[in-house]
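Enquirer: Shown below is the structure under consideration.
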Amino acid sequence: MTMRLSPYLMMNGNAKEAIQFYEKALDAKVLFNQTFGEMPENPEFPLPEEAKDLVAHAMLKVGETDFMFSDTFPGQTSQSGDQVTICISINEIEKSKRIFETLSQGGEVKMPLQEAFFSPAYGIVTDKFGVTFQIYTEGEK
């Protein structure tokens, strides 16, 4: 089993600016950058026009560390203090489920662990200590 922990910044519409800033300040290299408008469309959840240019997911490499970014989706907000989350990348669905369930005990599920176009099992949970984790399962759906 492989598992990595990575810092993940949730921004309020200024992720592009933050990416450029950290690229310069930390000598970071942009590995991936996708806007909400570039994602596959979901007819059940139409994308508001104002969301199309916002960053859905970006990954920078800072030394040996992955540093990830996203803008919040319109209608959601991120406050100072909760914009930094920890992304746990795992390559086993059963391990992802166990970690998600354990972190959920006494905490709050922000997004249930579920299949997404980019992961066979992805979810967001804030544990009982107020720390928010994104559980990202690597691999094909």
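Enquirer: Excluding H57 itself, what net charge comes from residues whose Cβ is under 11 Å from its Cβ, given Lys and Arg +1 and Asp and Glu -1?
Expert: Details: positive: none; negative: E38, D71.
Neighbourhood net charge equals -2.
Enquirer: With +1 on each Lys and Arg Cβ and -1 on each Asp and Glu Cβ, and nothing else charged, work out how big the dipole of the stretch 45-141 is about its Cα centre, in Debye to the nearest 20.
Expert: It works out to roughly 220 debye.
Enquirer: Send over a whole-number figure in Å² for the accessible area per residue of the stretch 79-125, probe 1.4 Å. Can you show the working numbers first?
Expert: On the way: 2690 Å² over 47 residues.
Roughly 57 Å² per residue, with all protein chains present.
Enquirer: With unit charges on the beta carbons (Lys and Arg positive, Asp and Glu negative) and the dipole taken about the Cα centre of the stretch 43-129, which residue among I124, N91, M68 sits farthest to the positive side?
Expert: Going by the Cα projections, it comes out as N91.
Enquirer: Then there is this: With 5 Å bins from zero, work out the P(r) of the stretch 1-55 over every alpha carbon pair and list the percent per bin.
Expert: Distribution as computed: 4, 14, 21, 21, 16, 13, 8, 2, 0 percent.
Enquirer: A follow-up question, please. Excluding G107 itself, calculate the net charge of residues whose Cβ lies under 10 Å from the Cβ of G107, where each Lys or Arg counts +1 and each Asp or Glu counts -1.
Expert: Surrounding charge for G107 is 0.
Enquirer: Could you work out the relative contact order of the stretch 1-121, using alpha carbon pairs under 8 angstrom and six or more residues apart, expressed as a whole percent?
Expert: Relative contact order here is 35 percent.
Enquirer: Dimensions of the stretch 12-141 along principal axes (Cα, Å, largest first)?
Expert: 38, 38, 31
Enquirer: List the relative contact order of the stretch 54-141 as a percent without decimals, with contacts defined as Cα pairs under 8 Å and 6+ residues apart. Display every interim value, and only then the final one.
Expert: On the way: 148 pairs, mean separation 22.2, N = 88.
RCO, the stretch 54-141: 25 percent.
Enquirer: Past the 25 Å Cα-Cα mark, which pairs from K16/K128; K29/K52; K24/K128; K16/K61?
Expert: Pairs exceeding the cut-off: K16/K128; K24/K128.
The values are calculated or read from the model by the stated rules, or taken from the named source; none is laboratory data. Because the structure is predicted, anything quoted here is derived from the model rather than measured. Ideal geometry is used to build each Cβ from the backbone, glycine not excepted, and the neighbour counts take in all protein chains shown. All accessible areas refer to the heavy atoms of the entire protein, side chains included, with ligands and DNA or RNA removed. Shrake-Rupley method; radii C 1.70, N 1.55, O 1.52, S 1.80 Å.
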